[in-house]
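The values are calculated or read from the model by the stated rules, or taken from the named source; none is laboratory data. Since the model is a prediction, treat every value here as computed from it, not as a measurement. Here the Cβ positions follow ideal geometry from the backbone for every residue, glycine too, while neighbour counts run over all protein chains shown. Heavy atoms of the whole protein, side chains included, go into the accessibility calculation; ligands, DNA and RNA do not. Shrake-Rupley method; radii C 1.70, N 1.55, O 1.52, S 1.80 Å.
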Amino acid sequence: MPEERRAGGATPVNTHRPDAGTSAGQVLHEIPSSPDLGGLGLRISAPGGLVPSPEALRLIPADFARDHKVLPLRVVAGVLHLASAAPGDERLIEDIRLLTGLEVVEVLASEAEILERTTDGYQVTVEQMIEDLGEGDGLASESADLHDIEVMANEPTVINLVNLIISTALRERASDIHLVAYESAVELRFRIDGMLQVKPPPPRNLHAALISRVKIMADMNIAERFMPQDGHIQIHHRGSRVDIRVGTMPTKYGESLVMRLLEKTTKVQTPVELGLGDERAALLRRLVEKPHGLFLATGPTGSGKTTTLYSILQGIYTPEKKIITIEDPIEYELVGVAQIPVRPSRNFTFATGLRAILRQDPDIVMVGEIRDSETAEIAIRAALTGHQVFSTLHTNDAVGAVTRLIDMGVEAFLISSSLEGVLAQRLVRRICPGCRAEVPVPDGLRERLEALSGRLLGGKSFAGRGCDDCRGTGYKGRIGIFELLPVTSEMRELILHRRSNNELKAVAQRTMMTMHQDAMLKAEAGVTTLEEIVRVSSGDQLE
């Protein structure tokens, strides 16, 4: 039979059916890039279009699929559709016919994607394992003897469940795992794209054993259940090194556990990739390339401040500059940068560490956070004595950094002389590109945004409808919204004379794009939703 081509590009498919009148390896048709299960062909999206059904997975054992680099996809009208990295092996096809009792249609796909989808498809899920466990009897509870809890924590069931929870969280791009005990239940949640998502809870009587297992992994004291503890775990997951910060806190019904997941091989993004845009990224570069001075990133906890500073340091690094950071903790490793973790238990704080760093002849210093007047004073004096100093503050907007430093007791003339710029930021969820669609603006939301922003909105907006790729949420990933404040000579005069926050803001907004304006532009471009803008913005930013 001659080869038939369809418009749109293609991946060949081999069909092995007695009634087709063809031999193995003959190309019947080719697959466009749109999904379609119908007729003799199977159309898949590439990459990412290999989504196996549970029915198909049950037909072929996991070891067989991995060894032969095949992935069962669908059973349609008595035919098994199978992704293969090397289609045309008639002996393999005959083995699969005998194994499944079905005829086979092969789809060509990359070996890497088949192996990844095979791992995802065949692995036991947290839901399945918890369902199999049930509530059980005789398991360690909060009031059980410590020895019993320790024994249970080393049982294969508990070890496997903890490992599965961590690997599932990493696969779903979670930043944190939360495990909290209540009187009759345990709550398991993952923070994904900044939002907590509830997961099927482990059995209540496994809670103490699960906490103890994590403590063993983090080299923590399992005998101490009534005081907060911190620990650290390092694992490898799919070729990447992952650091896990562990924190426990005693509650009425047992210890609460939070694990922060940090993938060390995650690429540090550029300011443009973070969401600043070309024009403001160029202004940022001019501010941070000054030979000395203080630059601050501000925002609430979890708003990406440290990630932004990493991006800046990566952009200005050269072998001619000595860069030292002091952090709590070190979140990503930067090439060519000496990174120092604080150790409060040994009285090695930001202030003591910063004093020591200044004796190491640095050109550029990054202080993870200015938490007190002592650290602020040292950082500012370092900026005044020829160093570039970067740090973070918890403030709602860029102008608020000045007020915060004054509240800490820093003299206004020191701030006026040293501060070069402030970048305030938040993170908003990105609309999933796979299911993004144009939607009308809800009337209630329209009225609220128009009242707060003082301008009329257009008649359309964008949202994600929910798909497999975003797990039905309509969102995938996050992007920053920013306001970048360069400290001009006019601003320095206002700071020096301790003008009010409102006066500073009025001057700043004449030349600065606010976070709300940035967010609205991203919503109009279909990057995020109007609902996200309302969720992350306070009334001050929406004025």
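Observations, loosely collected:
- Antiparallel bridge percentage (DSSP; both residues within region 348-470; nearest 5): 55 percent
- Global geometry of region 305-450, whether rounded, prolate or oblate, following the gyration tensor of its Cα atoms and the 1.5 cut on a/c: prolate
- Computed lengthening from residue 373 to residue 173, 0.36 nm per intervening residue step minus Cα-Cα distance: 68.3 nm
- Annotation: amide H-H contacts under 5 Å for residue 297 (H modelled 1.01 Å from N, sequence separation of 5 or more, or interchain): 391, 392, 393, 423.
- Three-way shape call for region 372-488 based on the alpha-carbon gyration tensor, with the a/c threshold at 1.5: prolate
- Extension gain, residue 497 to residue 260, is 81.0 nm, computed as 0.36 nm per intervening residue step minus the present C-alpha separation.
- Annotation: amide H-H contacts under 5 Å for residue 76 (H modelled 1.01 Å from N, sequence separation of 5 or more, or interchain): 81.
- Coupling constants for region 481-487 follow from the phi torsions by the Karplus curve (6.51 cos²θ - 1.76 cosθ + 1.60, θ = phi - 60°), and in residue order they are 10, 9, 9, 10, 10, x, 7 Hz; glycine and proline get x.
- Per-residue packing, averaged as other Cβ atoms within 10 Å, sorts the ranges 332-343, 170-181, 148-159 into the order 170-181, 148-159, 332-343, beginning with the highest.
- Efficiency of FRET between residue 198 and residue 272 - r from beta-carbon atoms, R0 41 angstrom, step 0.05: 0.70
- Mean projected area of the convex hull spanned by the Cα atoms of region 228-385, taken over all viewing directions: 11.6 nm².
- Whole-Hz Karplus values for region 418-431 come out as 9, 6, 9, x, 9, 10, 9, 7, 9, 10, 10, 6, 7, 5 Hz, taken residue by residue from phi with 6.51 cos²θ - 1.76 cosθ + 1.60 and θ = phi - 60°; glycine and proline positions read x.
- Estimated FRET transfer efficiency (residue 448, residue 223; beta-carbon r; R0 51 Å; 0.05): 0.45
- Each peptide among 525-536, 506-517 gets the average number of other Cβ atoms lying within 10 Å of its residues, and from highest to lowest they stand as 525-536, 506-517.
- Built amide H within the under 5 Å cut-off of residue 478, gap 5+: 430
- Two-site FRET efficiency, residue 99 against residue 488, from Cβ-Cβ distance with R₀ of 60 Å, rounded to 0.05: 0.25
- Stretching residue 230 away from residue 75 to a fully extended chain increases their span by 50.8 nm, per 0.36 nm per residue minus the current alpha-carbon distance.
- Relative contact order for region 357-493, counting Cα pairs under 8 Å that sit 6 or more residues apart, in percent: 25 percent
- Residue-wise HN-Hα coupling along region 181-188, computed from phi with Karplus coefficients 6.51, -1.76, 1.60 (Hz; x: Gly, Pro): 9, 10, 4, 10, 7, 10, 10, 10
- Its Cα centre serving as origin, region 168-222 has a Cβ charge dipole (Lys and Arg +1, Asp and Glu -1) of approximately 120 debye.
- In the context of the full set of protein chains, region 260-311 has a per residue accessible area of 45 Å² (1.4 Å probe).
- Modelled spin labels at residue 163 and residue 66, positioned 7 Å past Cα toward Cβ, are 1.1 nm from each other.
- Cα gyration tensor shape of region 368-425, rounded if a/c is under 1.5, else prolate or oblate by comparing a/b with b/c: rounded
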